[in-house]
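Student: Before I ask anything, let me first share the structure, which is written out below as structure tokens.
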Amino acid sequence: MKKWFAVIGDPIAQSMSPTMHEAWLQQNEVDASYIPIHVPRGTVEEAVRSLKTLGCSGWNVTVPHKEAIIPYLDEIDPLAEAMQAVNTVVVKEGRLHGYNTDGVGFVASLRETFPEVSTDAAVLIVGAGGAAKGISYALCRDGFRNMTIANRTYETAEQLSDQLNVSAMTIQEAEQQLAQFDIIVQTTSVGMVHSQEGSPLDVSRLKRGTIVADIIYNPLQTELMKQAEALGGKTMNGIGMFVHQGAIAFQHWLNIQPNTEQMTARIRQQLGGNSC
Ligand code: ATR
């Protein structure tokens with residue numbers, strides 16, 4: 001039977017995953033397809049049952065199902081278990097295996113963009129939601145130990161920092177002490193198209209050469225990135241994270257490493273940037 005893959009979420013129409021995976025399937029001459037499926041909140045159990053019955057080989061999971069899907073899986077990767085979030089399901093001999101490739105995708109993108117980065121770097125994570133959790137766990141697993149979480153709601157930053165045995169700060173403290181950080185990772189939705197405008201962090205005290213990574217990719221350059229660049233920061237947007245999380249999922253499903261560089265350029269172009 002021809003293989004097929006999917007992405008489930010609510011909403012799902014805006015997802016760029018189908019275009020990306022379809023292109024990789026074609027490039028790698030895999031006779032399979034990848035489709036978006038709208039799965040309303042609260043219906044993930046039925047969706048999982050249907051995907052299994054219909055012979056889906058694997059699927060991505062996006063908002064709001066990343067945590068809700070866990071009880072319906074047979075196996076869960078330790079990193080996804082620690083994060084309590086799954087974005088990739090692999091069907092192996094009828095059993096469902098859950099992984100989380102979001103944070104690992106971020107680390108791959110960071111390392112690709114800035115190969116000089118050392119795990120001794122002092123990292124500031126801005127935000128303490130699902131995205132922050134995935135990224136901070138993956139950074140920790142990669143050896144980054146000098147990490148601080150800052151969040152609008154300090155208590156949430158503290159909870160996450162306790163889980164990882166790293167530090168927590170208020171946003172104001174982080175702004176005051178910004179020069180002590182080598183890498184700043186913006187994980188909130190502030191600055192995203194159709195979301196809240198502006199920046200969640202005042203970077204006026206940024207040290208020159210600091211890496212400022214924003215997980216947003218629409219717009220391609222957020223307010224935070226613009227301000228950081230004006231002050232001598234080195235910036236990275238979220239396209240690479242998106243492409244790498246997809247590439248790691250693709251490898252889990254098919255054991256094929258797809259072309260991430262070409263895909264990053266293609267998505268940048270689609271979003272109105274230039275291709276180089
Ligand atoms: P996601 O899964 O995308 O990370 P989330 O779990 O809802 O989404 O987390 C959103 C994060 O963005 C949180 O850290 C949130 O801060 P609070 O914990 O204080 O809510 C942060 N965030 C959202 N809107 C914000 C704003 N206007 N200013 C600063 N932080 C904001």
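Student: Looking only at segment 129-151, how many residues end up being of a type outside the set (Ser, Thr, Tyr), within 16 Å of the ligand (Cβ to nearest atom) and open to solvent by less than 20 Å² (accessible area, probe 1.4 Å)?
Tutor: 8
Student: Have a look at 76, 35, 12 and point out the one that is free of Cβ contacts under 8 Å to residues at least 60 places away in the same chain and over 26 Å from residue 267 (Cβ atoms).
Tutor: Values: 35 fails: over 26 Å from residue 267 (Cβ atoms); 12 fails: over 26 Å from residue 267 (Cβ atoms).
The match here is 76.
Student: Pick from 118, 109: which is open to solvent by 40 Å² or more (accessible area, probe 1.4 Å), more than 13 Å from the ligand (Cβ to nearest atom) and modelled with pLDDT of 95 or more?
Tutor: Of 118, 109, the one residue that is open to solvent by 40 Å² or more (accessible area, probe 1.4 Å), more than 13 Å from the ligand (Cβ to nearest atom) and modelled with pLDDT of 95 or more is 118.
Student: Okay, moving on. Report, by residue number, each residue of segment 51-70 that is of a type outside the set (Val, Ile, Thr), assigned to a loop (DSSP other than H, G, I, E, B) and open to solvent by 40 Å² or more (accessible area, probe 1.4 Å).
Tutor: 54, 66, 67, 68, listed by residue number.
Student: Can you spot a residue in segment 20-32 that is surrounded by fewer than 19 Cβ atoms within 10 Å (Cβ to Cβ), within 18 Å of residue 243 (Cβ to Cβ) and touching a Phe, Trp or Tyr at 6+ places or on another chain (Cβ under 7 Å)?
Tutor: Yes.
Student: Taking into account only those residues within segment 152-162 that are outside any loop (DSSP other than H, G, I, E, B) and not aromatic (Phe, Trp, Tyr), which is nearest to the ligand (Cβ to nearest atom)? Step through it out loud before you land on a result.
Tutor: Residues of segment 152-162 outside any loop (DSSP other than H, G, I, E, B): 154-162.
Next cut, not aromatic (Phe, Trp, Tyr) only: 155-162.
Working: 155: 8, 156: 4, 157: 8, 158: 11, 159: 10, 160: 9, 161: 13, 162: 15 Å.
Only one residue tops the list, namely 156.
Student: Does segment 95-104 contain at least one residue that is closer than 24 Å to residue 129 by Cα and assigned to a loop (DSSP other than H, G, I, E, B)?
Tutor: Scanning segment 95-104 turns up at least one residue that is closer than 24 Å to residue 129 by Cα and assigned to a loop (DSSP other than H, G, I, E, B).
Student: For segment 197-209, check the following and say yes or no: at least one residue is free of Cβ contacts under 8 Å to residues at least 60 places away in the same chain, touching a Pro at 6+ places or on another chain (Cβ under 7 Å) and either away from the ligand (no atom under 14 Å from the Cβ) or open to solvent by 60 Å² or more (accessible area, probe 1.4 Å) (or both).
Tutor: No - not one qualifying residue is present in segment 197-209.
Student: Does residue 73 fit the bill of being away from the ligand (no atom under 16 Å from the Cβ) and open to solvent by less than 10 Å² (accessible area, probe 1.4 Å)?
Tutor: no
Student: When only residues in segment 163-196 that are of a type outside the set (Gly, Ala, Ser) and farther than 27 Å from residue 141 by Cβ count, which is nearest to the ligand (Cβ to nearest atom)? Even if it seems obvious, please write down each step before you answer.
Tutor: Going through segment 163-196, the residues of a type outside the set (Gly, Ala, Ser) turn out to be 163-166, 169-173, 175-178, 180-188, 190, 192-194, 196.
Narrowing the set further to residues that are farther than 27 Å from residue 141 by Cβ leaves 172, 175-176, 193-194, 196.
Working: 172: 12, 175: 12, 176: 17, 193: 14, 194: 13, 196: 5 Å.
Here the residue is 196.
Student: Scan segment 218-237 and tell me whether some residue there is assigned to a strand (DSSP E or B) and basic (Lys, Arg).
Tutor: yes
Student: Would you mind finding the one in 192, 263 that is over 20 Å from residue 116 (Cα atoms) and in a helix (DSSP H, G or I)?
Tutor: Matching residue, one of 192, 263: 263.
Student: Oh, and also: For segment 101-108, indicate whether the set of residues that are under 16 Å from residue 8 (Cβ atoms) and in contact (Cβ under 8 Å) with a residue 24 or more places away in the chain is non-empty.
Tutor: yes
Student: Since residue 85 meets every condition but one in (1) outside any loop (DSSP other than H, G, I, E, B); (2) open to solvent by less than 30 Å² (accessible area, probe 1.4 Å); (3) touching a residue at least 24 places away in the same chain (Cβ under 8 Å), which condition does it not meet?
Tutor: Failing condition for residue 85: (1).
The values are calculated or read from the model by the stated rules, or taken from the named source; none is laboratory data. Bear in mind that the values here come from a model prediction, so they are computed numbers and not experimental data. When we count neighbours, we look across all protein chains shown, and the Cβ atoms used for this are built from the backbone with ideal geometry, even at glycine. When the accessible area is computed, the model is the full protein with side chains, heavy atoms only, and any ligands, DNA or RNA have been set aside. Shrake-Rupley method; radii C 1.70, N 1.55, O 1.52, S 1.80 Å.
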